[in-house]
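Participant: Input: one structure, supplied below.
The values are calculated or read from the model by the stated rules, or taken from the named source; none is laboratory data. All values derive from a computational prediction rather than experimental measurement. Every residue, glycine among them, receives a Cβ derived from its backbone with ideal geometry; neighbour counts consider all protein chains shown. Surface accessibility is based on the protein's heavy atoms, side chains included, excluding ligands, DNA and RNA. Shrake-Rupley method; radii C 1.70, N 1.55, O 1.52, S 1.80 Å.
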Amino acid sequence: MNSVVLAFRQVRYENSAFWRNPAAAFFTIVFPLMFLVIFNLIFGSQEVTDENGNTYNLSTFYVPGIMVFAVVGATYTNVAMGIAFARDGGLLKRVRGTPLPSWSYLAGKIVHSILLTVLLVVIVAGAGWLAFGVDLPTNKLPAVLLTLAIAAATFCTLGLAVTSIIPNADAAPAIVNASILPLLFVSDVFIPLDDAPVWLTTLADVFPVRHMALAMHSAFNPFEAGAGFEWAHLLVMAAWLVAGALFTIRFFRWEPRR
């Protein structure tokens with residue numbers, strides 16, 4: 001059978017396995033919404049000032065911010081955890097002994113994570129529009145879709161790459177969360193960094209989370225003119241995509257470390 005067809009069958013299997021775990025599916029979807037509601041209830045009535053001195057409601061900040069959180073969770077965290085547990089349980093080793101091509105198996109997991117990303121982005125955007133009156137940037141939709149596509153590919157690749165330094169399944173939650181949660185807090189995702197120290201924003205600029213957040217905030221900023229394409233931020237994410245792919249090709253392991 002064609003390996004592309006096998007990859008799509010793997011996507012279907014991953015999707016079925018995901019929805020047959022109601023608790024995991026429920027919290028994967030509800031977690032970003034919970035953050036969206038909490039941050040908007042506490043800070044939504046306040047205002048934020050952009051770099052040009054324009055002020056707008058913080059709800060407009062939190063919708064793209066929680067989108068970034070949802071994308072990172074559905075791609076980086078989901079891929080890294082899934083691969084680490086599958087490898088430690090011997091599943092990856094067994095897959096290599098079947099007719100299923102290795103790339104089809106990984107493609108199935110990655111494509112499913114991207115489909116999950118699409119679902120979460122639609123849910124967060126819809127909730128922000130319906131519950132908090134945030135205008136969706138329909139005039140900048142191509143830029144938003146390109147940003148989301150590059151970000152999803154980047155964080156899926158980085159999720160694969162980070163599994164190379166995870167020794168076993170027990171260590172996976174600690175390593176994955178420690179490598180991403182601090183970045184979410186210093187990357188304009190949960191908190192505007194207007195008054196943050198320069199060294200902190202400079203450090204955050206190294207990593208792709210902040211560049212995705214800034215690109216999304218620019219698209220949702222009602223005072224930003226133009227088509228919304230933030231090429232500098234997209235290039236930084238693309239660079240991390242290439243670096244993550246090279247690291248994965250060199251260091252990815254199919255068998256657990258004993």
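Participant: I'm told residue 141 meets every condition in (1) part of a helix (DSSP H, G or I); (2) among the hydrophobic types (A, V, I, L, M, F, W, C); (3) in contact with a helix residue (DSSP H, G or I) (Cβ under 7 Å, 6 or more places away or on another chain) except one. Can you identify the failing condition by its number?
Facilitator: (3)
Participant: Taking the residues in the range 50-94 that are assigned to a helix (DSSP H, G or I) and free of Cβ contacts under 8 Å to residues at least 24 places away in the same chain as candidates, determine which candidate is farthest from residue 218 (Cα to Cα).
Facilitator: Checked the range 50-94; the qualifying residue farthest from residue 218 (Cα to Cα) is 94.
Each row is one residue, and each column tells you yes or no for (1) open to solvent by less than 50 Å² (accessible area, probe 1.4 Å); (2) hydrophobic (A, V, I, L, M, F, W, C); (3) under 20 Å from residue 49 (Cα atoms).
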{"residue": "198", "(1), (2), (3)": "no, yes, yes"}
{"residue": "214", "(1), (2), (3)": "yes, yes, yes"}
{"residue": "219", "(1), (2), (3)": "yes, yes, yes"}
{"residue": "236", "(1), (2), (3)": "yes, yes, no"}
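Participant: What pairs come up if the first residue lies in the range 167-194 and is touching a residue at least 24 places away in the same chain (Cβ under 8 Å) and open to solvent by less than 50 Å² (accessible area, probe 1.4 Å), the second is assigned to a loop (DSSP other than H, G, I, E, B) and among the basic types (Lys, Arg), and their beta carbons are under 8 Å apart, counting only those six or more places apart or on different chains?
Facilitator: 167/257
Participant: I'm checking my understanding of the structure. Among residues of the range 50-71 that are of a type in the set (Gly, Ala, Ser) and either in contact with a helix residue (DSSP H, G or I) (Cβ under 6 Å, 6 or more places away or on another chain) or closer than 16 Å to residue 130 by Cα (or both), which one is surrounded by the most Cβ atoms within 10 Å (Cβ to Cβ)?
Facilitator: Filtering first and then ranking leaves 70.
Participant: Would the range 193-206 turn up any residue that is modelled with pLDDT of 95 or more, assigned to a helix (DSSP H, G or I) and under 30 Å from residue 134 (Cβ atoms)?
Facilitator: Scanning the range 193-206, I find no residue that is modelled with pLDDT of 95 or more, assigned to a helix (DSSP H, G or I) and under 30 Å from residue 134 (Cβ atoms), so the answer is no.
Participant: I would also like to ask the following. Just need a number here: residues in the range 19-49 that are open to solvent by less than 70 Å² (accessible area, probe 1.4 Å) and assigned to a loop (DSSP other than H, G, I, E, B).
Facilitator: So the count comes out to 1.
Participant: Mind listing whichever residues of the range 240-258 are part of a helix (DSSP H, G or I) and open to solvent by 60 Å² or more (accessible area, probe 1.4 Å)?
Facilitator: 240, 242, 246, 247, 249, 250, 251
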